[in-house]
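Visitor: I have a structure I would like to understand better, so I am pasting it below and will then ask my questions one at a time.
The values are calculated or read from the model by the stated rules, or taken from the named source; none is laboratory data. Predicted, not measured: the structure shown is a model, and the values here were computed from it. Reconstructed Cβ throughout: ideal geometry from the backbone, glycine too, with neighbour counts over all protein chains shown. Please note that ligands, DNA and RNA were not included when accessible areas were found on the heavy atoms of the full protein model with its side chains. Shrake-Rupley method; radii C 1.70, N 1.55, O 1.52, S 1.80 Å.
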Amino acid sequence: MNAVIIAVLVMVALSLARVSVVFALVVGALVGGLVGGLSLDQTLEAFNDGVGGGAQVALAYATLGAFAVAISRSGLPDMLANVLIRMLGKETHAANQNRVKWVLLAAVVLVAILSQNVIPVHIAFIPVLIPPLLTVMNRLQLDRRAVACALTFGLTAPYMLLPVGFGAIFLNDILLANLRSAGEPLGLEITREMLPMAMAIPVGGMLVGLVVALTFSYRGRRDYAVKPLANTPAGHSATPATPHTLGLVMSGVAIVAALGLQLYSGSMILGGLVGIGLLSLGGIFKWREADDLFTSGMRMMALIGFIMISAAGFAEVMKTTGDIDTLVAGAVDLFGDNRGLAALVMLLVGLFITLGIGSSFSTIPIIAAIFVPLAVQFGFSPMATVVLVGTAAALGDAGSPASDSTLGPTAGLNVDGQHDHMWDSVVPTFLHYNVPLIGFGWLATMML
């Protein structure tokens, strides 16, 4: 049996069994290398060579984490959250509860989107914002599954489309880098400008899923018991944070500068470092505290960084075995000239892998090494190849039990024990995002 297939099956099986994803990637690489005819020393050497390719991404994550910690110290996220809570709390006394419901859902989506790029705190805002809003949701009899879908959309769609914040890491540092690594030897040319344009159609599918979830699937009322909130974050009072004026102004300047530099250079590292420097000038923290800041940021992003490093090593072992070429040849024999069926199967394979790992970021190095040669062999255009790999990686992030995109919403919505992780977060997001992603991703692949 093909070494690549065996390695992926071992890795996914261990991940689904709740074994550490880093451990699963290492074991999968070792098994794949040995099955592919490499010695143990050759397998380890290939893995170590690949690990270096994940260093840039790990550093980008650490920088983004430090920037997020610095922004949090400014009090800006807490202040925005408290303003929203007070606003909705007042509006619930009005007669038009339906309007309040849509204001709340729109606010949740907007804050989740901003958490990925403008104020890149990822899921850290959820324990601050969501638990105090549960009282408002209960009065409105708002189905929390709709809120889970709103949060997951805001946590996933932006990084697939916008090349800033987490999107700069996903699109530029990971997707573009791996497409070029796998495609340049085959004559495939990919530019940075192609990525947002190519991913717009799959993200449109997610938007359709969000609209269906909010206006059809979960529009009805749902009763929740009034229960005390457990695990409410300590230190978050009902009064808004009041950072000093210079700090608030410099927070805004730092955010704009970081976004501008990311868009100009495509580097999250450069944008994050400049943003951190401006926050320091604004008095948010002192330069002698920079070590603590980066330590906190790395702690926040450490797991994702190590997964990315391990995934790069895994992909390098697969390339070294030479079985990717065998897999490509076998796929061509199996599908013949049926490009539509080949694209659909590749998307489903991406879903299978990402569901196991729980991270679309970590999936790209694995599937790019396999899918790019397949896409070239079947004659897909560069834009279609971007869609194929990007969508296949994003599939499963929404809907994976191990993904931050489902774990984060559950952590905020289940503080009173009335929101089931699998049935109220995982299944709704899987149905409303993965299904349209497959359909729109397939259409985009065939059209571009």
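Visitor: How many Å² of accessible area per residue for the stretch 127-200, probe 1.4 Å? Don't skip to the end; give the middle numbers.
Guide: Working: 2090 Å² over 74 residues.
Here the per-residue accessible area is 28 Å².
Visitor: What are the equivalent ellipsoid semi-axes of the stretch 158-230, built from the alpha-carbon gyration tensor (square roots of five times its eigenvalues), in whole angstrom, biggest first?
Guide: Working: eigenvalues 300, 52, 17 Å².
Square roots of five times the eigenvalues give 39, 16, 9 Å.
Visitor: If you don't mind, there's one more thing I want to ask. Say R0 is 30 Å: what FRET efficiency, to the nearest 0.05, do residue 339 and residue 420 get from their beta-carbon distance? Each step should come with its number before you reach the end.
Guide: On the way: r = 40 Å, r/R0 = 1.35.
Approximately 0.15, to the nearest 0.05.
Visitor: Hey, what's the per residue convex hull volume over the C-alpha atoms of the stretch 97-214, in cubic angstrom?
Guide: On the way: hull volume 12.1 nm³, N = 118.
Per residue, the Cα convex hull of the stretch 97-214 comes to 102 Å³.
Visitor: Okay, next question. Using a 7 Å offset from the Cα along the Cα-to-Cβ direction at both residue 186 and residue 41, what is the distance between the two label points in nm, to one decimal?
Guide: 3.3
Visitor: I want to check the label-to-label distance for residue 193 and residue 435. Put each point 7 Å from Cα in the C-beta direction and report it in nm to one decimal.
Guide: 3.8
Visitor: Could I ask something else about it? May I ask you to give the solvent-accessible area per residue for the stretch 1-52, in square angstrom, as obtained with a 1.4 angstrom probe?
Guide: Values: 2480 Å² over 52 residues.
The answer is 48 Å² per residue.
Visitor: Now for a different question. With a 1.4 Å probe and every protein chain kept in, tell me what percent of the accessible surface of the stretch 1-51 is carbon plus sulfur.
Guide: Details: 1640 of 2430 Å².
Reported share for carbon and sulfur atoms: 67 percent.
Visitor: Explain nothing, just compute: Karplus ³J(HN,Hα) = 6.51 cos²θ - 1.76 cosθ + 1.60, θ = phi - 60°, for every residue of the stretch 185-192 in order, whole Hz, x for Gly and Pro.
Guide: With the stated coefficients, the stretch 185-192 comes to x, 9, x, 8, 10, 10, 10, 4 Hz.
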